[in-house]
Amino acid sequence: MQNTIDMSEKSKAGCCCSGDECHGSSEPEKRLGWDEYFMSVAQLISRRATCTRGHIGAVIVRDHSILSTGYNGAPSGLPHCNDSNCRIYRSTHPDGTVEENCVNTIHAEINAIAQAAKHGVSIQDSDIYITASPCIHCLKVLINVGIKTIYYLKPYKIEHIAELIRLSGIKLVQVPMVETPPG
């Protein structure tokens, strides 16, 4: 029969294709760990961001299941930022550093929380994966909604949130991402 497959040959490569077809080697592809998986999802979600200053994605997870996602951008139905309508305000931290934020943008973490609320999904005792560590304002909200662990890819003004992290007991974990070869 033409459609007969010799499974012993297929299993040698660790997938349903033979030898060099899939991976370029006979080694099976390494499976992503949970942290890499959810951070990869956050990176994909960040591609929907509409902010011209940066693309951030967030994924809220409990028991290895995605509960909600969010990205930074304008509120639903309102104009997205562009070079002419990005309105920046400056605030000064107690240590004297100045931070710039956009009036039009909602941060990814807040959008993920809003999506969960909109759909009636409880996020208490969950974790969040974010492509950048949270700002101090988002951290305060994450604490109040009961997030237990914040996983982040890139640090963003960590020194401004260190004290709140310590006082709240929330865990802050940087996830190192490993480049995966194209499949």
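The values are calculated or read from the model by the stated rules, or taken from the named source; none is laboratory data. Since we're looking at a predicted model, the values are computed, not measured. Cβ atoms come from the backbone with ideal geometry, glycine included; neighbour counts cover every protein chain shown. Remember, those area values only see protein heavy atoms, side chains included, never the ligands or the DNA or RNA. Shrake-Rupley method; radii C 1.70, N 1.55, O 1.52, S 1.80 Å.
Observations on the model:
- Considered as a group, the residues in the stretch 106-134 that are in a loop (DSSP other than H, G, I, E, B) and touching a Pro at 6+ places or on another chain (Cβ under 9 Å) include one that is surrounded by the fewest Cβ atoms within 10 Å (Cβ to Cβ), and that residue is S133.
- Screening the stretch 135-169 for residues that are closer than 26 Å to V98 by Cβ and not in a helix (DSSP H, G or I) and picking the one that is farthest from the chain's Cα centre (by Cα) gives K157.
- Subset of the stretch 31-87 (residues that are open to solvent by less than 90 Å² (accessible area, probe 1.4 Å), aromatic (F, W, Y) and not in a strand (DSSP E or B)): F38
- Listed by first and then second residue, the pairs linking a residue in the stretch 116-129 that is in contact (Cβ under 8 Å) with a residue 40 or more places away in the chain to a residue that is part of a helix (DSSP H, G or I), with Cβ atoms under 6 Å apart and 6 or more places separating them unless they lie on different chains, are I123/A116; Y129/F38; Y129/M39; Y129/A42.
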